[in-house]
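The values are calculated or read from the model by the stated rules, or taken from the named source; none is laboratory data. These figures come from a predicted structure and were not determined experimentally. Glycine also receives a Cβ, built like all others from the backbone with ideal geometry; neighbour counts cover every protein chain displayed.
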Amino acid sequence: MNRRHLLQNFAALAGAGSLPAFADNSRILLGQSAPFSGPAKELGEQFKEGAMLVFDQVNQRGGVNGKRIELRSMDDGYEPERCAANTRRLIEDGVNALFGYVGTPTTLAALPLLTAAKIPLVAPFTGAEALRTPFNRFLFHVRASYNDEAAEIVKQITSVGITRVAVFFQNDAYGQAGLAAVTAALKQHNLAPVSQGTVERNSVDVATSLNAVMAGKPECIVQVAAYKSCAAFIRGARKVGFLGNFYNFSFVGAQALASELGKDARGVVVSQVVPFPFSGLTPIAGEYLQRVKAAKSDPSYTGMEGFIAAKTLVEGLRRAGNDPSPSNIISGLEAQSQLDLGGFFLSFSGQKHAGSRYVDMTILTEDGKVRR
């Protein structure tokens, strides 16, 4: 089957109306679908800001192998259907690679499209196991998985003698992934969730969920939802007298949650999958802070993840050589068997696209800070 027929078949599969237009040879075109509006917009904005600190600097120095990087970002509002439509458009526009998608349900919606087009997606902002198993050679994960985060959260919970754990989770693929991860981690300690409650994606209607969770008389609550939903639930729980701790996965966005909660953020625990970004404790954090200061911006964990993700992709692009085709980018990324970005280590191969298992734990303060 010739190239034209292959492209026609892909267009039919993806629902596209025309054949892809391939990127010109003077640039490297990256495509991103992420929330830049709606209740999860801070995640998309902060991730992109962190990534652009890297891409702008690379472009100022002449690009990668003489080619400038162009990041084309499209807003999906954290809705799967919009993400799928964006992905079709980006593939039609001839992207060399996809980058920095935000969320489990959105990335899952894009997965069959990018797989059919054989376009790599680098650094999706999700740790869902459904995107890691079975192995997909077109997905490259920079962050640890939700299973890794759940294991660390439950380890901390059980270390202080807590046994009654409830789960508040988003009613979609992200929430189900987190619930499964927490349930599996609890099972390792002969425990199970005492109660559960759900919230719809992009909603703050948590009244029914609050009643369901509190019925189990939990000592602590693990949350697997976007920051506005989690903040609404925390406020509601405090109003009815819940005095236990809240634990959140990194996807919540620590700064976004702290800003949303104000003084109510005090004592909320958030797991993290990149190094502490507010001081130069590691070389990568020092470099990030230097770039943030030069850009007159504010540091954040999500921004740090975007920064690390962009540096990882740039290394892959360099190794791809003068022809940054999707297949060469995949080979360039897989060649990074021992990548040290300055205290943050990644390892990829032809059989392994999960680069890191790094997890750290942080706590929020009432003045909007994040502490280790």
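Any idea which of (1) touching a Lys or Arg at 6+ places or on another chain (Cβ under 6 Å); (2) part of a loop (DSSP other than H, G, I, E, B) is the one Val95 doesn't satisfy?
Going through (1) touching a Lys or Arg at 6+ places or on another chain (Cβ under 6 Å); (2) part of a loop (DSSP other than H, G, I, E, B) one by one, Val95 breaks only (1).
Just checking, how many residues over region 125-157 are out of contact with any helix residue (DSSP H, G or I) (no Cβ under 7 Å at 6 or more places or on another chain), of a type in the set (Asp, Glu) and farther than 19 Å from Val269 by Cβ?
0
Please go through region 221-247 and pick out each residue that is surrounded by fewer than 20 Cβ atoms within 10 Å (Cβ to Cβ) and either in contact (Cβ under 8 Å) with a residue 24 or more places away in the chain or under 24 Å from the mean Cα position of the chain (by Cα) (or both). Before you say what the answer is, go through the steps one by one.
We begin by selecting, within region 221-247, every residue surrounded by fewer than 20 Cβ atoms within 10 Å (Cβ to Cβ); these are 235-236, 238-241, 243-245.
Of everything in region 221-247, those that are surrounded by fewer than 20 Cβ atoms within 10 Å (Cβ to Cβ) and either in contact (Cβ under 8 Å) with a residue 24 or more places away in the chain or under 24 Å from the mean Cα position of the chain (by Cα) (or both) turn out to be Arg235, Gly236, Arg238, Val240, Gly244, Asn245.
Residues of region 274-312 being surrounded by fewer than 24 Cβ atoms within 10 Å (Cβ to Cβ), within 22 Å of Leu257 (Cβ to Cβ), of a type in the set (Ser, Thr, Tyr) and touching a residue at least 60 places away in the same chain (Cβ under 8 Å), which ones?
Across region 274-312, the qualifying residue is only Ser297.
Among the residues of region 67-79, which ones are in contact (Cβ under 8 Å) with a residue 60 or more places away in the chain and surrounded by fewer than 23 Cβ atoms within 10 Å (Cβ to Cβ)? I'd like the intermediate steps shown before the answer.
First pass over region 67-79, keeping only residues in contact (Cβ under 8 Å) with a residue 60 or more places away in the chain: 67, 69, 77-79.
Answer for region 67-79, where residues must be in contact (Cβ under 8 Å) with a residue 60 or more places away in the chain and surrounded by fewer than 23 Cβ atoms within 10 Å (Cβ to Cβ): Lys67, Gly77, Glu79.
Going through region 98-140 one residue at a time, which ones are over 20 Å from Gln170 (Cβ atoms), out of contact with any strand residue (DSSP E or B) (no Cβ under 7 Å at 6 or more places or on another chain) and either assigned by TED's automatic domain parsing to the domain that holds Ala226 or of a type outside the set (A, V, I, L, M, F, W, C) (or both)?
Matches in region 98-140: Pro112, Thr115, Lys118, Thr133, Pro134, Asn136, Arg137.
Quick one: count up the residues across region 151-180 that are over 25 Å from the mean Cα position of the chain (by Cα) and in a helix (DSSP H, G or I).
Residues that pass the stated criteria total 2.
Name the residues in region 150-184 that are within 17 Å of Thr107 (Cβ to Cβ) and in contact (Cβ under 8 Å) with a residue 40 or more places away in the chain, would you?
Result: Gln170, Asp172, Ala173, Tyr174, Gly175, Ala177, Gly178, Ala180, Ala181.
Of everything in region 191-204 that's part of a loop (DSSP other than H, G, I, E, B) and over 24 Å from the mean Cα position of the chain (by Cα), which residue is farthest from Ala231 (Cα to Cα)?
Filtering region 191-204 for residues part of a loop (DSSP other than H, G, I, E, B) gives 191-194, 200-204.
In the following step, the residues that additionally are over 24 Å from the mean Cα position of the chain (by Cα) were identified as 191-194.
On the way: Leu191: 26, Ala192: 24, Pro193: 21, Val194: 21 Å.
Here the answer is Leu191.
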